[in-house]
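J.: Okay, handing you the structure first.
FYI, it's all coordinate maths here, none of it is from the lab. Bear in mind the structure is a predicted one, so any value in this text is a computation, not a measurement. Quick reminder, even Gly has a Cβ in these numbers, built from the backbone with ideal geometry, and neighbours come from all protein chains shown.
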Amino acid sequence: MTPLARVLTHLSLAVASVVVLLPLGAVFLTSLKTPREMADDSGALSLPDDLLNFSNYVTAFQDGRMVAAFGNTAFILLFAIAGTVVIGSMAAYAIDRFTFRFRGLVVALFLVATLVPGVTTQVATFQIVNSMGVFDTRWAPVLLYMGTDIVSIYIFLQFVRSIPVSLDEAARLDGAGAFTIYRKIIFPLLKPAIATVVIVKGITVYNDFYIPFLYMPSEDLGVISTSLFRFKGPFGAHWEVISAGAVLVILPTLIAFLFLQRYIYNGFMRGATK
Amino acid sequence: MERLPNAVKARKLLTPWLFLIAPLVLLIVFTYAPVANMLVYSFTDWDGVSPELSFTGAGNYVDIFTRSELFQVFLVSGYYLAASVVQIALALYFATVLSFDVRFRNFFKGVIFFPYLINGVAIGFVFLYFFQDGGTLDSVLGLFGYESDRAWLGTSTSANVSLAGVSVWRHLGLNFVLFLGAVQSIPGELYEAAELDGAGRWQQFRYIIAPGIRPVLSLTVILSVSGSLSVFEIPYIMTGGATGTETFVIQTVKLAFQFNKTGLASAAAVVLLLIILAVTWVQRRLVPDDKVDLV
């Protein structure tokens, strides 16, 4: 590379970093300001007087119901992820290890379903969820997250395929049935795939707004997305509190990203290109 | 194969279905049943609540294509479609640049990707603050001595451009990481050989990198088209669909859940589904997938 090209390359990367970090940084600075400082109109980029002023975070936690929100999100995450892992790995095991009638049809059903974007069908899905009696409960999102995740089945399928069939056969000679083989041999060997699914699914569920917004209108059932969304009303003009809420929601993602970078990159690449 | 007793045979036949029953039931209940119901609703005037409904033929579909306020949302998709062209170009550029040895490579990679992981509501608030009067954008412009008194989300064009910009900010990272993965899977010897032959950077991009990422590029294009048509979160959170920023999905959600027009909303959703299926079909035709999926 010529020196000029090198300078321009670094310049473009620096500009990109500023574009990404500046909006986030401004919100972080605002979250540390007092209402008085906000009224001063000193601009979004001015430093707060007290860098350790966490009072807005306390307000966000207490009045913004963020504790309940994190609890509800954790509940949904736990059941949705556990369900996805069990269901996805079982489906992958059955599809890869058995030959049976209508196998082609089953595979086609899963394949075609990937083409149907979830946002388009909610009008009718809503009626089904409602008639099952789980509307406005935490089970509605859990069921929907479990039931519509075909990408996970793909990821498991790739891994099941890489496990040698000779392992199954050896176990079968020892008298193991299909379920024992799945539980004792296949499932433990799927650990890397499980890690991928847990990470990708975890981030997707944590960030989802559409499904909890449609299916859990009760304020008690707010997840972090919907609870943060409700900041808009009561804190409408209080940008320092809204900012604190946004930072509270972003922080767990940032920590997860810093610690799990490699897995996250791989997971999303595998998930998108299936 | 030796003959098996009937009971054993039945169990062998049944075993795979025991593993498949839960996934299949969920698949049918939450994907295929809604699609089927939606098709039926789309020909009725159902309000979503009352036990009565009457068939209205293709009336809902006629409404969608003839009532201009319903059709208008397709034009909004145009902004997002244009934005995704910019997004793909930027993602390609950064993926190419960062596939070479650059100082602080991992830092830049992380910074460009991270927005993709952030919660949509948080992003909506971050950018409401960014665009608001005296917010981040105005403060930055002020640093350069430019006093702006413009309401960035105030007019239809300005608001849509701003929202599409936020969408690029949010989704660039995924495109970038996908491209980067594809570029890095190209063997390094190819570049060395090309360099020996006197190929410059642009020629390396044109003849080595571009063909290497073709499958990922075509996947990205289709994700962008269906993504542009089904935008919901960012405009809903930031403007609620006001000042001409209403998208197809916002309109459908409002029709179905605020105005109880389940029939009309279903027809709208069917139209969207058909468009997305058509786009996917065209893409499969143009770029045949050489790897066979699943089976």
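J.: If you filter segment B:109-181 for chymotrypsin sites (Phe, Trp or Tyr not before Pro), then keep DSSP loop positions with at most 10 other Cβ within 10 Å, what is left?
T.: Details: sites: B:F113, B:Y116, B:F125, B:F127, B:Y129, B:F130, B:F131, B:F144, B:Y146, B:W152, B:W169, B:F176, B:F179; in loops: B:F144, B:Y146, B:W152.
Passing both the DSSP loop test and the Cβ count: B:F144, B:Y146.
J.: Please check chain B for the longest run free of GluC sites (Glu not before Pro) that are loop-located per DSSP (anything but H, G, I, E, B) and have at most 10 other Cβ atoms within 10 Å.
T.: Working: sites that count: B:E2, B:E52, B:E147.
After excluding every exposed loop site, the longest remaining stretch is B:148-295.
J.: I've got another one for you. What is the Cα centroid distance between segment B:51-72 and segment A:5-36, reported in whole angstrom?
T.: Comparing the Cα centres of segment B:51-72 and segment A:5-36, I get a distance of 47 Å.
J.: If you don't mind, another one. What does the C-alpha gyration tensor say about the overall shape of segment A:69-125? Classify as rounded when a/c is under 1.5, otherwise prolate if a/b is larger than b/c, or oblate.
T.: Oblate shape, in that a/c is at least 1.5 and b/c is the bigger or equal ratio.
J.: Given a Förster distance of 35 Å, report the FRET efficiency between B:A194 and A:L105 from their Cβ-Cβ distance, rounded to the nearest 0.05. Walk me through the numbers before you get to the answer.
T.: Values: r = 47 Å, r/R0 = 1.36.
Step by step, r from the Cβ atoms, then E = 0.15.
J.: I need the shape label for segment A:38-175. Rule: rounded when a/c is under 1.5, else prolate if a/b > b/c, else oblate, with a, b, c from the alpha carbon gyration tensor.
T.: Values: a/c = 2.85, a/b = 2.12, b/c = 1.35.
Because a/c hits 1.5 or more and a/b exceeds b/c, segment A:38-175 counts as prolate.
J.: With labels modelled as points extended 7 Å from the Cα through the Cβ direction, what inter-label distance (nm, one decimal) is found for B:S54 paired with B:S68?
T.: Label at B:S54, label at B:S68, 3.1 nm between them.
J.: Shifting gears a bit: Give, as ranges by residue number, the residues of segment B:179-197 whose backbone N falls under 17 Å from the point 7 Å along Cα→Cβ of B:I222.
T.: Label zone hits: B:179.
J.: To continue, here is another question. Treating only the Cβ atoms of Lys and Arg (+1) and Asp and Glu (-1) as charged, compute the dipole magnitude of the protein assembly as shown about its Cα centre; round to the nearest 20 debye. Mind showing how you got there, number by number?
T.: Values: 37 positive and 36 negative charges, 426 e Å.
Once rounded to the nearest 20, the dipole reads 2040 debye.
J.: As an exercise, find the ratio Rg/Rh for segment A:1-118 from alpha-carbon atoms, using the Kirkwood inverse-distance average for Rh.
T.: On the way: Rg = 25.8 Å, Rh = 20.6 Å.
Rg/Rh for segment A:1-118 comes to 1.25.
J.: If each Cα of the protein assembly as shown is one equal point scatterer, what is log10 of I(q)/I(0) from the Debye formula at q = 0.12 Å⁻¹?
T.: So the normalised log intensities work out to -1.33.
J.: Give me the aspartates and glutamates in straight-line cross-link reach of A:K232: C-alpha distance below 20 Å, same-chain residues under 8 apart excluded.
T.: Straight-distance partners of A:K232: A:D63, A:D208, A:E219, A:D220, A:E240, B:D133, B:E233, B:E246.
J.: Could you put B:K12, A:K201 in order, starting from the residue whose Cβ has the fewest other Cβ atoms within 10 Å?
T.: Details: B:K12 13, A:K201 25.
Ordered by Cβ neighbours within 10 Å, fewest first: B:K12, A:K201.
J.: Post the alpha-carbon centroid distance, segment A:38-91 to segment A:111-189, in whole angstrom.
T.: First find each Cα centre; the distance between them is then 29 Å.
J.: Quick one: what are the phi-derived ³J(HN,Hα) couplings along segment B:82-99, Karplus 6.51/-1.76/1.60 with θ = phi - 60°, whole Hz, x for glycine and proline?
T.: These are the phi-based 3J(HN,Hα) values: 4, 4, 6, 5, 4, 4, 5, 4, 5, 4, 4, 4, 5, 5, 5, 4, 7, 7 Hz.
J.: Could you give each residue of segment A:84-90 its phi-based ³J(HN,Hα) in whole Hz, using Karplus coefficients 6.51, -1.76, 1.60 with θ = phi - 60°, and x for Gly or Pro?
T.: Along segment A:84-90, the couplings run 4, 5, 5, 5, x, 6, 5 Hz.
J.: For segment A:215-232, just list the computed ³J(HN,Hα) in residue order, Karplus coefficients 6.51, -1.76 and 1.60, θ = phi - 60°, integers in Hz, with x standing in for Gly and Pro.
T.: Taking θ as phi minus 60°, the curve returns 9, 10, x, 4, 5, 5, 9, x, 9, 4, 4, 6, 5, 5, 4, 6, 4, 4 Hz for segment A:215-232.
J.: Gap in Å between the Cα centre of segment B:116-142 and the Cα centre of segment B:202-240?
T.: Here the two parts' Cα centres lie 23 Å apart.
J.: At R0 = 51 Å, how high is the FRET efficiency between A:R36 and B:V8 if r is their beta carbon distance? Nearest 0.05 is fine. Intermediate values should be presented prior to the final figure.
T.: Numbers: r = 80 Å, r/R0 = 1.57.
Calculated value: 0.05.
J.: Only four residue types carry charge here, +1 at the Cβ of Lys and Arg and -1 at the Cβ of Asp and Glu. Report the dipole size of segment B:68-286 about the Cα centre in Debye, rounded to the nearest 20. Could you put the intermediate results ahead of the total?
T.: Values: 12 positive and 12 negative charges, 110 e Å.
It comes to approximately 520 debye.
J.: For a quick check: with amide H placed at 1.01 Å from N, whose amide H comes under 5 Å from B:T44's, ignoring anything fewer than 5 positions away on the same chain?
T.: Result for B:T44 returns B:T56.
J.: For segment B:68-286, report the % of Cα-Cα distances exceeding 23 Å. Let's see the in-between values first.
T.: Numbers: 13599 of 23871 pairs.
Pairs farther apart than 23 Å: 57 percent.
J.: Note down the magnitude of the dipole of chain A about its Cα centre, charges +1 on Lys and Arg C-beta and -1 on Asp and Glu C-beta and zero elsewhere, to the nearest 20 debye. Intermediate values should be presented prior to the final figure.
T.: Numbers: 19 positive and 16 negative charges, 249 e Å.
Computed charge dipole of chain A: roughly 1200 debye.
J.: Then there's this: Taking the dipole about the Cα centre of segment A:187-243, with the C-beta of Lys and Arg at +1 and of Asp and Glu at -1, give me whichever of A:V198, A:P212, A:G233 is farthest to the positive side.
T.: Among A:V198, A:P212, A:G233, the one farthest towards the positive end of the dipole of segment A:187-243 is A:V198.
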